[in-house]
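A short worksheet on the structure shown next.
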Amino acid sequence: MSFKTLDTEGPLRLVVVGAGGMGRAWTRNIQSSPDAELVGIADLFPASAESAAADTGIPGLATGTDAIELARRTGAHGLVNATIPEAHHPVTVAALNAGLPVLGEKPVAATVAEGLALAAAAEHTGQLFMVSQNRRYHPALHQAKQRLAGLGAVGIVSVDFFQSPHFGGFRDEMASPLLLDMAIHQFDMARYLLDADPVSVSCEEYNPTWSWYAGDAAANAVFAMDGGARFTFNGSWCSPGHETSWNGSWRVSAERGTVLWDGENDPTAAPDEPFDPGQDHGRDIAGSLRQFIAALRHSTEPMGRVHANIMSLAMVEAATQSAAQGRRVAIDDVLDRSYTAAIANERDPEVLAVLKSWPSVREALSAKRSDSE
């Protein structure tokens, strides 16, 4: 499936929606890009938008509470959705219907059902909706994948993630802070390394006695992936001392060797053989932004296009369900329930028609994705 491209001169004019921490990170990255121009900041709270605008140092930068009105007023070419997850669906739908491509923060939406609705909306409008999984954009992650290319079939991917952040605020009160707010990064990176999607998961959550979180801040999960590989996640958000990288510490076992990556530095492989470093994807959200712009200019398929990204959120939902129910959960069961909910909740008849035209969720998502660039 193709998406509409832009044939305009000069930098891509962008409005950022959401003036919180991530919104401000996006404004800085847009300002640093020679191929993008920040033309406005939207937020439901005018003072927040005005404060973020002042911090950019751009004289007279436009602000507003209505992202679509602001985009029209400023002649924006696209929108960056840095709102809270609960706002991802309504903000993105409004932008797509207004003819604006969207680069959104993870997760794709608050639920898989909403993510499916957004995929259908993107198909209906023909607009690009790309999700920024910023941790995919790390040069060493791509090196790890390239090193695996000569080692044969990959059978085991494991990651340890141990950090001890004292966030305060909503994360301290969440029921499943690690799985819901963090683990999607490692789940998504595993999909990238394996070029595979999840089949099922067995997950256990728990909370060490010393944890300062109200909800379970530690988890172990084992995913069966299509093709037969296994991905294991072992993590904690309340483990001080000898902390891992925020990317985690990885071991990937293949039939002819193993790749190790500490999450920051160049990976190592045994045996250590020559490898093709592949293309430069950039780093962090600057890499997401660069790929979003390239997609709109040159019709190249970006990582994180909505159809490609939904499975990462499905892994999170399945893991939390497995932990709550104390049993193995099939990913297809999560997709089927989400699809039923998406159809029941959709109010746009044309988007509903797209949803109903899908032969199955997996077929619809896999037919319109290229997730291993």
Checking the structure you have, find out if any residue of region 104-116 is surrounded by fewer than 24 Cβ atoms within 10 Å (Cβ to Cβ) and either farther than 27 Å from E363 by Cβ or of a type in the set (V, I, T) (or both).
yes
Please work out if I343 is modelled with pLDDT of 95 or more, farther than 30 Å from E204 by Cα and part of a helix (DSSP H, G or I).
yes
If I184 satisfies every condition in (1) open to solvent by less than 50 Å² (accessible area, probe 1.4 Å); (2) touching a strand residue (DSSP E or B) at 6+ places or on another chain (Cβ under 7 Å) but one, which is the exception?
(2)
Scanning for something at pLDDT 95 or above and within 21 Å of the chain's Cα centre (by Cα), does region 44-63 turn up at least one residue?
no
Restricting to region 156-166, give me the number of residues that are within 16 Å of S236 (Cα to Cα) and open to solvent by 50 Å² or more (accessible area, probe 1.4 Å).
3
Go through region 265-290 residue by residue and tally those that are under 30 Å from V201 (Cβ atoms), open to solvent by 30 Å² or more (accessible area, probe 1.4 Å) and modelled with pLDDT of 95 or more.
3
Which residue, of G126, G169, G152, is in contact with a strand residue (DSSP E or B) (Cβ under 6 Å, 6 or more places away or on another chain), open to solvent by 10 Å² or more (accessible area, probe 1.4 Å) and on the phi > 0 side of the Ramachandran plot?
G152
Whichever residue in region 69-102 is within 16 Å of the chain's Cα centre (by Cα) and not hydrophobic (A, V, I, L, M, F, W, C) and, among such residues, is nearest to T125 (Cα to Cα)
T92
Could you check region 196-232 and list, in sequence order, the residues that are touching a helix residue (DSSP H, G or I) at 6+ places or on another chain (Cβ under 6 Å) and either basic (K, R) or within 13 Å of F162 (Cα to Cα) (or both)?
A217, A219
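The values are calculated or read from the model by the stated rules, or taken from the named source; none is laboratory data. No experiment lies behind these values; they were computed from the predicted model shown. Note: ideal-geometry Cβ built from the backbone for every residue, glycine included; neighbour counts use all protein chains shown. For accessibility, only protein heavy atoms count, side chains too; no ligands or nucleic acids. Shrake-Rupley method; radii C 1.70, N 1.55, O 1.52, S 1.80 Å.
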